[in-house]
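This report refers to the structure that appears directly beneath it.
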Amino acid sequence: MRKPQVSVKHRELGLLFKETVSLYLRLSANAAAIYGRGELSGPRRTLLVALASTGPQTAARLARERSQSRQRLQPLINALVRDGLIEPIANPMHKRSALLVLTREGEARAREIAETERSLMARLRLSTSAENLRRASTVLREVRETLETQMP
């Protein structure tokens with residue numbers, strides 16, 4: 001049986017996937033080095049930053065945006081609530097599904113994270129242009145959106 005012919009476009013898509021995974025792993029390692037495993041671990045950092053940028057969200061919505069189940073994300077949410085960084089508030093759109101919001105302490109931590117990361121990014125010496133970075137972001141968004149609509 002013959003192997004299906006792989007187009008140049010699909011080969012390049014495979015390379016993009018491979019590079020994206022490598023970048024994700026590098027970013028995860030950097031987050032662990034910066035934030036450790038404690039109060040501002042990578043996953044905790046991600047939720048605080050998400051709530052800081054989007055405002056109140058349900059646990060289900062936060063999970064969907066991460067391609068996770070709400071049940072998988074719930075222990076992390078519970079820990080952030082316990083630590084006083086986020087709190088549930090009434091959701092006018094749904095009586096049983098609370099909105100999660102940052103507390104004042106959570107807002108302060110999110111600002112601290114943003115400042116730390118701005119400072120670290122400012123020290124990076126990239127050889128590519130801002131336009132190339134914009135294009136790369138556009139391509140990654142298009143691929144992600146295509147996966148979301150065409151893959152289970």
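Could you work out what % of the accessible surface of the range 71-130 is carbon and sulfur, using a 1.4 angstrom probe and leaving DNA, RNA and ligands out of the count?
Exposed carbon and sulfur together represent 54 percent of the surface.
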Whole-Hz couplings from phi, Karplus 6.51/-1.76/1.60, listed for the range 112-128; x for Gly and Pro: 4, 4, 4, 5, 4, 6, 4, 5, 5, 5, 5, 7, 6, 10, 7, 8, 8
Stretchable slack from Gln74 to Leu16, in nm (0.36 nm times residue separation minus alpha-carbon distance): 17.7 nm
Among trypsin sites (Lys or Arg not before Pro) in the range 66-152, those in a DSSP loop whose Cβ has at most 15 other Cβ atoms within 10 Å are Arg66, Lys95, Arg96, Arg125
Please state, as a whole number in µm²/s, the translational diffusion coefficient that the Stokes-Einstein equation yields for the chain at 20 °C and 1.002 mPa s, with Rh defined as the Kirkwood radius across alpha carbon pairs. 119 µm²/s
Summed side-chain charge close to Arg70 - residues other than Arg70 whose Cβ falls under 14 Å, Lys, Arg +1, Asp, Glu -1: +4
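Return the calculated 222 nm mean residue ellipticity for the chain, to the nearest 500 deg cm²/dmol, obtained by summing -39500 (n - 2.57) across DSSP H runs with n ≥ 4 and dividing by the residue count.
Numbers: 6 runs with 102 residues, N = 152.
It comes out at -22500 deg cm²/dmol, rounded to the nearest 500.
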Accessible area per residue in Å² at 1.4 Å probe, computed on the chain: 77 Å²
Over the range 85-125, what relative contact order in percent results from Cα pairs under 8 Å that are six or more residues apart? 34 percent
For the chain, the longest principal axis of the Cα atoms and the Cα long axis of helix 130-150 enclose an angle in degrees, to the nearest 10, of 80 degrees
Which residues' amide hydrogens lie under 5 Å from the amide hydrogen of Ile86, considering only partners 5 or more residues apart or on another chain, with H built in the peptide plane? Val81, Thr103
Contact order normalised by residue count of the chain, Cα under 8 Å, 6+ apart, percent: 17 percent
With the chain treated as a Gaussian network of Cα nodes joined by springs under 10 Å, which of Ala130, Ala33, Ala90 yields the largest mean-square fluctuation? Ala130
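The values are calculated or read from the model by the stated rules, or taken from the named source; none is laboratory data. Fair warning: this is a prediction, and the values are worked out from it, not measured in the lab. Note that we place each Cβ from the backbone using ideal geometry, even for glycine, and neighbour counts take in every protein chain shown. Just so you know, the surface numbers come from the protein's heavy atoms only, side chains and all, with ligands and any DNA or RNA stripped out. Shrake-Rupley method; radii C 1.70, N 1.55, O 1.52, S 1.80 Å.
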